[in-house]
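First the structure, in the form of structure tokens, and then the observations on it.
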Amino acid sequence: MTHSFEPAPETPFEHPSWSVNATIYQINTRHFTPEGTLRAAMAHLPRLAELGVGILWLMPVHEIGEVNRKGGLGSPYAVRDYYSVSAELGTVEDLKDFVAAAHDLGLKVILDWVANHTAWDNVLVEQHPEWYSRDWKGDFRPTPWWDWDDIIDLDHSHAELREWMTEAMAWWVREVDVDGYRCDVAGMVPTDFWETVRAVLDEIKPVFLLAEWEARDLHHRAFDMTYGWSWNDALHKIAHGKADLEALRVYYAWDAKAYQRDSIRMLFVSNHDKNAWEGTEYEQFGDALEAAIVLSVASKGMPLIHNGQEAGMDKRLAFFDKDEIVWAEHPMRDLYARLIRLRRDTRALWSGKHGAPMVPVPTTADDRVLAFVRQDDDTKVFAAFNLSPEPVSVAFRESPAPGRYRDFFAPDGSDGQTVEIVEGEPVELGPWGYRLLIG
């Protein structure tokens, strides 16, 4: 027998070309406008295009179950019919029009998909009860150990269920022209199911798949991007004095070595789960918030904006009932617009193999300062973050850091100020301060 010792491709598919320098934006349609409809949300599309985001993630649009419903309107993750659009949001035609309008503006749209479980009154309960998991008594069961009593688990050991679910996902790509999916609790569903889904969808058109999970194997043949939950958790603990910088270095070390070079990690300071159950980004990060946002763009990965962040939203949105984002002009919008434009136009900051790796820069204050360089043949980015509440004078030791740069956040507000980093010469960083320098 002849054996090949050539390395196999780590990720034997290509990310859609439109995704590699994109920023993703999450829309909770229920809360996005006073009307809470897809038609009303369409009016925001030009604003989002101007902001510079590239991928719009719509939370589940399907009809919501009524049996064991939580709150007045229920969880959008308790799906009653995978081929429906909830009347609360509009119609399938409304969604088609939303997607078409987004495409006209150069935006892509991915839907939230829930393959692990359904509502108790999903149409499949009557049509295919054998496709559901059962408890020790033989009854339908929610996901064990979680407070998810408004849903019941599917059993993916049935090939017929896998085929049905894959065809349902393909239908929305073919008929509505959506550009992919954010897949809820993806790690609770067998990975080989997602790998088949990926192959089927890519036969229709290039799609982008985001897994709500954190695991290397999901990147191999299925997902473009996974959640950076541990990145968020490490930064949150640092911001509240419950961890030091080593927690974040562990994330970057693990990501650099254990994950594929072409994997994309979604970096975020908020999302619908964090906002609803743990607090707004202001509660989560306090004075460290702006540094965390800049780091989410400068790091290897893809930044997420949760709807309302660009308006400085400082309230928790209800999850099971109607709530409303208060749209207002806010400095956060300008910060995001500048950072998104920088990411889009600076190849070193792109995602996966299309961007440059993060090269750590040793400092004289490694207990408080995170510094790194991302550099390719055309661009160089040097970033330094004081992740502590005290000012620090820090110098950078032997590394790729020395050189002349344009200060992206020049004190006088200009983008053209030139600065030089010299090995051994100190740089002053205020509490939770940062420097983002472009070579």
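The values are calculated or read from the model by the stated rules, or taken from the named source; none is laboratory data. This structure is a prediction, so every number in the text was calculated from the model and none was measured. Backbone-built Cβ (ideal geometry, glycine too); neighbour counts: all protein chains shown. When the accessible area is computed, the model is the full protein with side chains, heavy atoms only, and any ligands, DNA or RNA have been set aside. Shrake-Rupley method; radii C 1.70, N 1.55, O 1.52, S 1.80 Å.
So for each of 4-13, 376-385 I average, over its residues, the number of other beta carbons within 10 Å; can you give me the resulting order with the highest mean first?
On the way: 4-13: 9.8, 376-385: 19.4.
Ranking the peptides 4-13, 376-385 by packing returns 376-385, 4-13.
Between segment 182-201 and segment 222-244, how many Å separate their Cα centres?
23
Can you tell me the Rg and Dmax of segment 1-121, counting just the alpha carbons, in angstroms?
18.5, 67
Multiplying the sequence separation of Thr418 and Asp366 by 0.36 nm and subtracting their Cα-Cα distance, what value in nm do you get?
Details: separation 52, 0.36 × 52 = 18.72 nm, distance 2.55 nm.
Length gained between Thr418 and Asp366: 16.2 nm.
Using a 1.4 Å probe over the heavy atoms of the protein chains, calculate the carbon and sulfur portion of the accessible area of the chain as a whole percent. Could you put the intermediate results ahead of the total?
Numbers: 9260 of 18020 Å².
The nonpolar share, carbon plus sulfur, comes to 51 percent.
Once you place label points 7 Å from the Cα toward the Cβ at Asp345 and Trp164, how far apart are they in nm?
5.2
List the relative contact order of segment 146-213 as a percent without decimals, with contacts defined as Cα pairs under 8 Å and 6+ residues apart.
On the way: 48 pairs, mean separation 25.4, N = 68.
Dividing the mean separation by the residue count of segment 146-213 yields 37 percent.
Pairing the Cα long axis of helix 92-104 with the longest principal axis of the chain, what angle in degrees results, from 0 to 90 and rounded to the nearest 10?
Roughly 30 degrees, rounded to the nearest 10.
Heavy atoms only, probe 1.4 angstrom, no DNA, RNA or ligands counted: give me Trp194, Trp229, Trp213, Trp350 ranked by accessible area, highest first. Each step should come with its number before you reach the end.
On the way: Trp194 0, Trp229 70, Trp213 90, Trp350 45 Å².
Result of the area sort, largest leading: Trp213, Trp229, Trp350, Trp194.
As a test question: what accessible area, to the nearest 10 Å², does Arg162 have when a 1.4 Å probe is rolled over all protein chains in place?
Approximately 50 Å² of Arg162 is accessible to the 1.4 Å probe.
Looking only at the chain, where both bridge partners belong to it, what percent of the DSSP beta bridges are antiparallel (to the nearest 5)? Write out the running numbers ahead of the final one.
Details: 31 of 56 bridges.
Around 55 percent antiparallel, to the nearest 5.
How many nm separate the modelled label positions at Arg249 and Asp135, each set 7 Å beyond the Cα in the direction of the Cβ?
Between Arg249 and Asp135, the simple spin-label model gives 4.8 nm.
Over 19 Å between Cα atoms, which of Lys96/Lys274; Lys108/Lys205; Lys96/Lys205; Lys257/Lys380; Lys274/Lys300; Lys70/Lys322 qualify? Can you show the working numbers first?
Working: Lys96/Lys274 29 Å; Lys108/Lys205 13 Å; Lys96/Lys205 17 Å; Lys257/Lys380 22 Å; Lys274/Lys300 22 Å; Lys70/Lys322 12 Å.
Correct reply: Lys96/Lys274; Lys257/Lys380; Lys274/Lys300.
In terms of the Cα gyration tensor, with a ≥ b ≥ c the square roots of its eigenvalues, is segment 88-240 rounded because a/c is under 1.5, prolate because a/b exceeds b/c, or oblate? Before the final figure, lay out the partial values.
Working: a/c = 1.57, a/b = 1.12, b/c = 1.40.
Oblate shape, in that a/c is at least 1.5 and b/c is the bigger or equal ratio.
Excluding ligands, DNA and RNA, what is the solvent-accessible area per residue of the chain at a probe of 1.4 Å, expressed in Å²? Don't skip to the answer; put the middle values down first.
Working: 18020 Å² over 439 residues.
On a per-residue basis, 41 Å².
Which shape class applies to segment 280-439: rounded if a/c is under 1.5, otherwise prolate when a/b exceeds b/c and oblate if not, where a ≥ b ≥ c are the square roots of the Cα gyration tensor eigenvalues?
Cα axes put segment 280-439 in the prolate bin.
Determine how large the accessible area of Glu35 is when every protein chain is in place; take a 1.4 Å probe and give Å² rounded to the nearest 10.
120
Could you grab the relative contact order for segment 229-364? Cα pairs under 8 Å, six or more apart, rounded to a whole percent. All intermediate terms of the calculation are to be shown ahead of the outcome.
Numbers: 161 pairs, mean separation 32.3, N = 136.
It rounds to 24 percent for segment 229-364.
What's the FRET efficiency of Lys242 with Glu329 using the Cβ-Cβ distance as r and R₀ = 41 Å, to the nearest 0.05? Numbers along the way, then the final one.
Numbers: r = 34 Å, r/R0 = 0.83.
The formula returns an efficiency of 0.75 here.
Rounded, prolate or oblate: pick one for segment 224-346, where a ≥ b ≥ c are the square roots of the eigenvalues of its C-alpha gyration tensor, a/c under 1.5 means rounded, and failing that, prolate if a/b is larger than b/c, else oblate. Walk me through the intermediate numbers first.
Details: a/c = 1.69, a/b = 1.37, b/c = 1.23.
In terms of gyration-tensor shape, prolate.
Of Trp277, Trp327, which has the most accessible area with a 1.4 Å probe, and how do the rest follow in descending order?
Highest to lowest solvent-accessible surface, that is Trp277, Trp327.
With an 8 Å Cα cut-off and a minimum separation of 6 or more residues, compute the relative contact order for the chain in percent. All intermediate terms of the calculation are to be shown ahead of the outcome.
Details: 880 pairs, mean separation 60.1, N = 439.
Relative contact order here is 14 percent.
Just from its helices, what would the mean residue ellipticity at 222 nm be for the chain, if runs of 4 or more DSSP H residues each count -39500 (n - 2.57) and the sum is divided by every residue, rounded to the nearest 500 deg cm²/dmol?
The helix-only estimate for the chain comes to -8000 deg cm²/dmol at 222 nm.
Quick one: length gained pulling Tyr83 to Glu390 fully straight, 0.36 nm per residue minus the C-alpha distance?
Numbers: separation 307, 0.36 × 307 = 110.52 nm, distance 5.39 nm.
Contour length minus Cα-Cα distance gives 105.1 nm.
Per 0.36 nm of contour for each residue apart, how much would the distance between Ala49 and Asp147 grow if the chain were fully extended, relative to their Cα-Cα spacing? Kindly include the intermediate steps, with their values, before the conclusion.
Details: separation 98, 0.36 × 98 = 35.28 nm, distance 3.76 nm.
Once the chain is fully extended between Ala49 and Asp147, it gains 31.5 nm.
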